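The values are calculated or read from the model by the stated rules, or taken from the named source; none is laboratory data. What you are looking at is a predicted structure, and each value in this text was computed from that prediction instead of being measured. Glycine gets a Cβ as well: all are built from the backbone with ideal geometry, and neighbour counts include every protein chain shown. Ligands, DNA and RNA are excluded from the accessible area calculation, which covers all protein heavy atoms including side chains. Shrake-Rupley method; radii C 1.70, N 1.55, O 1.52, S 1.80 Å.
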Amino acid sequence: MPSLHDPVALGGVTLPNRLYRAPLLECAGNGPDAPAILRRKLEPAAASGVGLIFQGATIVRGEGGCAAPGMTRVHDPAFVSELTEVTDAIHDHGSHIFIQLEHGGLRSMETWHAGYRLEHPNLTQLAVSRPPRFLRALDRLGVFSYTPHILSTDEVYDLAADFGRAAGHAVDAGYDGIHLAGANMGIIQQFLSPYYNRRTDEFADGFRFLEAVYDEIRTHAGDVPLVTKIPAETAAPWFVRRKLSVEDGIELAKRAANLGFDALVPVEVSTFWDMSIVRGRFPARAWHLEQLESGYEEAFGGRVRARSVEMGNRLQARRFSDAEGWNESFCRTVRAAVDVPVLMEGGVRTRPQIDRLLLSGACDMAGMARPFYAEPRLAARLLADAESAVVCASCNNCTIPQVTGADGVCRTPSVLRRRGEFERAGAYDPK
């Protein structure tokens, strides 16, 4: 059985170890300083020895589709060519970087961010089908604002082509592979999910969209290593009857592996954008930082609405409070069913846990996301110390502020103090 320090091949790329930085929001945007921002946020992980970095979700079209403020768009080849500054820096440290491609569909900012809607009143949302009844009810109540554009068959192919072109631009800029955001309620999950997909054309089988995206990427980017998340909607609320079961997820994984995907990331998620994505504690500190209050009010449409979202966040934190290895069972089952590497993330927090996951055959690589906000050079500690644990408290004080456009950084004093102790002890220096 493999150890953390053993190399592993994803397609034609051999990684030096089995630790990866999972996708996070870098909030770099598309301004002239975007490459420098991305380098500043991603290079520390590479410098500390991590085998693979997944750059966070980037949008394949020039307008619409962003799920949060500050997301980077990769439709423009001239802009993407500037990202060689990022890929060169990662490669200089012996690490590798894949870019995650995304489109938000019904999860896009124009549905939930009140300030963004005011600035972009004519934006519609790409939709697989008519929004589900529950979302239409929230629209009538003014919680969300849906003006969906249901994609025609030809438009679905056009969207798949946008994924392919973006992948081609990225490979030209030096990215080692492509990661598809196949979960967390983006457009790919919306095609895969029976909750969202009520189509009657060939894309009624939601996997057909994933096939179309795969074909376009192969056309524009060749045999570049290709990874996708595979969702099971086990965290959906009780009233959602049509959803992806674990068995459905396993079947999707088999089809993806047979199609030619080079690795899979099985994740248990909801049918909604909720705290099933970032399980852990309620971020009380972040909600009440004075400098962020006006941003929350702008995002949610006033003080009262912001407080109601905060209350919903508190309730969600109770439901999804268990933050340890929540995808393990699904990953283990998928790994037994496919012959490509399986990557696991979600509540991975200690080196002994990683060693157990690898040795027991639950996965071929182990990844972390929020812990890299808390410790940008985390990999050095995990690779050097077989008893190490992250300082991240899964408190989400890093994630909630991102709805205001704030940076994704750790804001918890006790965590930052502990990181400072490790810094002074030289724990983040590569061994």
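Tabulated values for the structure
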{"item": "J(HN,Hα) series, the range 41-53, from Karplus relation 6.51 cos²θ - 1.76 cosθ + 1.60, nearest Hz, glycine and proline x", "result": "8, 9, 4, x, 5, 5, 5, 8, x, 5, x, 8, 10"}
{"item": "Solvent-accessible area of L138 with every protein chain in place, 1.4 Å probe, in Å² to the nearest 10", "result": "30 Å²"}
{"item": "The range 301-368 - convex hull of alpha carbons, volume per residue in Å³", "result": "117 Å³"}
{"item": "Virtual spin-label span in nm between D158 and R140, 7 Å along Cα→Cβ", "result": "3.2 nm"}
{"item": "Heavy-atom surface of the chain, accessible at 1.4 Å and reported per residue (Å²)", "result": "38 Å²"}
{"item": "FRET efficiency, 1/(1 + (r/R0)^6) with R0 60 Å, evaluated for A425 and A78 via beta carbons", "result": "0.85"}
{"item": "Net charge over other residues, Cβ less than 9 angstrom from the Cβ of P401 (K, R count +1; D, E count -1)", "result": "0"}
{"item": "Accessible area of the chain belonging to carbon and sulfur atoms, whole % at 1.4 Å probe", "result": "50 percent"}
{"item": "Neighbour cut-off at most 15 other Cβ (10 Å), DSSP loop, GluC sites (Glu not before Pro), the range 340-431", "result": "E387"}
{"item": "Residue order for M311, M365 - accessible surface, 1.4 angstrom probe, largest first", "result": "M311, M365"}
{"item": "Where W287, W238, W326, W273 fall by accessible area, highest first, once all protein chains stay in place (1.4 Å)", "result": "W238, W273, W326, W287"}
{"item": "Amide H contacts under 5 Å for Q125, placed H, 5+ residues apart", "result": "T147, H149"}
{"item": "Long-range HN-HN contacts of L180 with modeled amide H, under 5 Å", "result": "L101, V227, T228, K229"}
{"item": "Modelled label reach - V13, point 7 Å along Cα→Cβ, the range 58-101 residues with backbone N closer than 14 Å", "result": "84, 86-101"}
{"item": "Computed E for T350/N258 - FRET, C-beta separation, R0 30 angstrom, nearest 0.05", "result": "0.30"}
{"item": "Burial order of peptide ranges 125-135, 102-112 (average beta-carbon count within 10 Å, highest first)", "result": "102-112, 125-135"}
{"item": "Two-site label geometry, R307 and V409: point separation in nm, points 7 Å out along Cα→Cβ", "result": "3.0 nm"}
{"item": "Gain on full stretching of the segment that runs from T200 to D172 - 0.36 nm per residue minus C-alpha separation", "result": "6.4 nm"}
{"item": "Gyration tensor (alpha-carbon) shape descriptor, the range 350-401, a/c threshold 1.5", "result": "prolate"}
{"item": "Centre separation in Å (Cα based) which lies between the range 274-327 and the range 178-243", "result": "27 Å"}
{"item": "Solvent exposure, largest accessible area first (probe 1.4 Å, DNA, RNA and ligands not counted), of K229, K254, K41", "result": "K254, K41, K229"}
{"item": "Highest-first arrangement of 29-40, 67-78, where packing means the average Cβ count within 10 Å", "result": "67-78, 29-40"}
{"item": "Per-residue ³J(HN,Hα) for the range 160-177, Karplus 6.51 cos²θ - 1.76 cosθ + 1.60, θ = phi - 60°, Hz, x for Gly and Pro", "result": "4, 5, 5, 4, x, 5, 4, 4, x, 4, 5, 5, 4, 8, x, 5, 7, x"}
{"item": "Extension gain, R319 back to H120 (0.36 nm per residue minus Cα-Cα distance, nm)", "result": "68.2 nm"}
{"item": "Fully extended contour minus Cα-Cα distance, from R417 to L359, at 0.36 nm per residue", "result": "17.6 nm"}
{"item": "Relative frequency of Cα-Cα separations exceeding 38 Å in the chain, percent", "result": "14 percent"}
{"item": "Karplus 3J(HN,Hα) series, Hz, for the range 410-415 with 6.51 cos²θ - 1.76 cosθ + 1.60 (x for Gly, Pro)", "result": "6, 10, 9, x, 5, 5"}
{"item": "Cα→Cβ-extended label distance, 7 Å offset, between H288 and S329, nm", "result": "3.6 nm"}
{"item": "Kirkwood Rh, angstrom, the range 119-178 [1 / mean 1/r, Cα pairs]", "result": "14.0 Å"}
